[in-house]
Every structure is written in C-alpha cells, then in structure tokens.
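Report on the following structure.
The values are calculated or read from the model by the stated rules, or taken from the named source; none is laboratory data. Remember, predicted model here, so these are calculated numbers, not experimental data. Note: ideal-geometry Cβ built from the backbone for every residue, glycine included; neighbour counts use all protein chains shown.
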Amino acid sequence: MKKNLFIAIVSAMTFMACSKQDSLQKIDISVPLSVKAGISIEARTKTIISGTTFTDGANIGVQVLNNSNGGVYETGALTNIRFTYSSATSNWSSPGFYLTSTTGKVYAYYPYLTQGTNDALFTTIPATIPAVTNTGSDIDYMYATPLTDEGVLVSNAAGKNSATLTFNHALAQISFVVYKDNYPGLGNFSQFTIEDAVGGTNWIMVSKASGDDLAMNISSGAITGGEKGIIGRILSVPCTLLTTPPSLDETVLRSQVNATTLVAPTVGMGASDIKFTFTIDGKLYTVVNTSALSWEPGKQYIYKVKLSGTDLSISSVTVTDWTTIVGDDIDIN
C-alpha cells in the first residue's frame with residue numbers, strides 16, 4: 001500500500017513538473033534592448049570637421065514598430081526610446097525596451113526629442129533652423145536608414161537580437177574658405193548671411209517666428225515646413241582671412257574652412273539666385289552664385305571666396321560627400 005502511494009506521489013510530482021516545464025516553454029520570453037552607437041564625426045556643426053564621437057550626455061531616439069501592422073510593437077511598449085551616452089563608460093543607457101517573439105521594424109534619429117506620450121506613434125520630429133544665431137549652434141539632424149526588410153528585422157524568437165544602424169544627415173552643409181588677394185585691410189571676418197537674391201523664390205527656409213512647423217521625417221530625413229527667410233550667422237570667434245589660395249587637397253581644404261552652417265536641402269537654383277554677404281573689417285561684401293546650384297542632404301559645399309581689393313568673387317565650389325555616420329550593433333542581451 002505504502003509502495004503504491006509512493007509511486008502515485010512520484011507520478012503526480014513528475015506530471016506537475018512536466019506540466020510546469022511545458023507551461024514555461026510557452027511563455028513569450030522577452031529581453032532588454034541595449035544600444036551601442038558609435039559615430040565617425042561629431043554631431044554638432046562646430047566640430048563637423050574634426051569631431052570623432054558623440055559628446056557626453058548626447059541622446060538618440062529609437063523606435064521599434066510591429067512589422068505586421070506598423071503599429072506599436074507590443075501593447076504598452078514605448079515608441080520613443082531615449083538612449084543616453086556616457087563618455088566615462090562608452091555605454092548607452094535607457095529606460096529599457098523589451099524584445100519578444102514579435103517581429104519589429106527599427107527606426108532611429110538624432111537628437112532625441114520628447115514626442116507627447118511615449119506610447120503614441122509619430123513619423124516626424126520638430127526641427128529648428130534659426131534665422132540668426134552663432135556658428136556652431138546649428139543642430140545636425142540625422143535619421144537612421146530604416147530596418148524594414150527581411151534579414152534585418154528584429155525578433156527574439158528568430159534569434160535576431162542585433163541590428164546595425166546607419167545614420168544619414170538630413171540637412172546640407174554650406175562652408176566657406178574666405179581668403180584675400182591684394183586686399184590692404186586686416187581681413188577680420190565676423191559674420192555672413194545667405195538669402196534669395198530675387199523675389200518670388202523660396203530657396204532659403206528657416207524656422208517660423210511663431211507657430212513653427214519645421215520638421216524632419218525620421219524614416220526619410222525629409223525636411224518640411226518653415227518659411228522663407230535669411231540665414232544670418234555670427235562667427236563665434238572672428239577669424240583673419242587666409243593670405244594664400246585655398247588648397248586643392250580636399251582634406252586640407254576642409255581644415256581651412258573658416259565658416260560653416262547647415263541649411264534645408266533644396267535643388268534647382270539657377271545662376272544669381274542666391275546672395276552671400278560677408279562682414280569683413282566691419283564692411284559688407286556681397287556676391288551671388290554664377291552657376292546653377294543644388295544643395296542635397298548629406299553633402300558639404302565648400303565655397304572658395306576671394307576678396308581682391310574691394311571686389312568679392314566665388315573662385316570655385318567643392319562638393320564632397322559629408323561623412324556618413326555608422327552606428328554599432330544594437331544588441332538585445
């Protein structure tokens with residue numbers, strides 16, 4: 001009798017253990033999402049040429065959406081996950097996002113901005129292109145190439161627990177190498193403006209003074225909204241003009257840039273459509289473009305501007321691909 005009772009108890013325990021194990025196997029295990037994001041250049045315009053890393057405390061936004069319906073990844077999941085960089089540890093921290101067996105599409109952007117409630121879907125973030133500000137204060141808006149195709153979709157069930165993000169610049173960079181030739185003055189360069197040279201065109205767009213609707217699409221980088229204006233930039237540190245012609249070597253030329261800013265991309269500008277004005281030794285010097293222009297996102301346009309006597313001219317324009325920012329793997333640990 002005791003032997004039969006013992007067998008019954010063991011059998012019951014074995015059944016319970018098996019049932020518990022089967023139940024555990026059916027649970028949708030979730031794991032926290034952690035991010036590593038390395039970049040090849042600094043995110044701010046004041047260090048576009050020489051910067052190499054995100055600054056301490058920099059924030060990026062990551063969004064994971066349900067691949068089947070394009071909605072929120074899971075009920076109650078965050079749609080705007082902020083990751084903050086620590087230069088001391090070279091790590092990124094966040095409130096936490098959990099990847100389950102649901103397949104997800106990944107989007108990311110810089111800089112991180114609060115978007116209402118953290119479970120509300122959004123496709124754009126507000127952007128700012130000030131009409132007047134100091135050089136070096138422009139914000140380098142970026143978006144990651146969306147991970148939406150098979151093979152790059154994330155899912156804990158599929159074992160796809162990492163992803164590589166490539167960040168792209170949404171704005172165009174306009175830079176100047178201003179130098180003097182047979183100019184008797186000191187050549188103290190202190191500020192510049194960029195504007196439409198003729199009426200009826202809207203090439204130069206800035207943030208609205210009120211009710212601004214300037215925005216960047218986080219999946220395409222498209223810049224929309226704003227209003228026609230004049231971009232005015234005051235050099236944070238006035239500089240003395242070069243006394244020799246700019247270098248023909250692209251790397252050296254970049255190091256000779258003495259003023260730069262970011263603008264909304266625009267294409268199709270004709271000759272004499274854009275007016276540049278430079279303040280040198282307290283006097284204004286104006287020049288217009290002599291050939292057709294297109295300012296594409298992610299490209300740097302370096303204008304070589306020569307001050308000869310009292311005449312200003314654009315001697316040449318160098319167009320170079322602005323260094324693409326490549327993020328490290330996103331790891332789900």
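Before moving on, here are some points about what is shown:
- Within segment 219-248, residues that are touching a residue at least 24 places away in the same chain (Cβ under 8 Å) reach partners that are exposed (fewer than 14 other Cβ atoms within 10 Å of the Cβ) and not in a loop (DSSP other than H, G, I, E, B) with beta carbons closer than 6 Å, at six or more positions or on different chains, in the pairs 232/132.
- Test: residue in segment 182-197 that is out of contact with any helix residue (DSSP H, G or I) (no Cβ under 8 Å at 6 or more places or on another chain), closer than 22 Å to residue 212 by Cβ and hydrophobic (A, V, I, L, M, F, W, C): yes
- Scanning segment 264-286 for residues that are surrounded by 16 or more Cβ atoms within 10 Å (Cβ to Cβ) and in a strand (DSSP E or B) yields 266, 269, 274, 275, 276, 277, 278, 279, 280, 285.
- Consider segment 216-229 and keep the residues that are touching a Leu at 6+ places or on another chain (Cβ under 8 Å) and in a loop (DSSP other than H, G, I, E, B). The one that is surrounded by the most Cβ atoms within 10 Å (Cβ to Cβ) is 226.
- Test: residue in segment 209-226 that is closer than 17 Å to residue 135 by Cβ and aliphatic (A, V, I, L, M): no
- Residues that are surrounded by fewer than 22 Cβ atoms within 10 Å (Cβ to Cβ), of a type outside the set (Phe, Trp, Tyr) and assigned to a strand (DSSP E or B), drawn from segment 58-105: 59, 65, 66, 72, 81, 82, 84, 86, 91, 93, 105
- In segment 179-193, the residues that are touching a Lys or Arg at 6+ places or on another chain (Cβ under 8 Å) and crowded, with 18+ Cβ neighbours inside 10 Å: 179, 180, 191, 192, 193
- Answer residue from segment 126-175, given it is under 19 Å from residue 193 (Cα atoms) and aliphatic (A, V, I, L, M) and is surrounded by the most Cβ atoms within 10 Å (Cβ to Cβ) among those: 171
- Number of the condition not met by residue 232 [criteria: (1) part of a loop (DSSP other than H, G, I, E, B); (2) over 30 Å from residue 146 (Cα atoms)]: (1)
- Some residue of segment 201-209 being among the hydrophobic types (A, V, I, L, M, F, W, C), in the same structural domain as residue 62 (by TED's automatic domain parsing) and either touching a helix residue (DSSP H, G or I) at 6+ places or on another chain (Cβ under 9 Å) or under 30 Å from residue 251 (Cα atoms) (or both): no
- Out of 136, 200, sole residue that is closer than 29 Å to residue 284 by Cβ and at pLDDT below 85: 200
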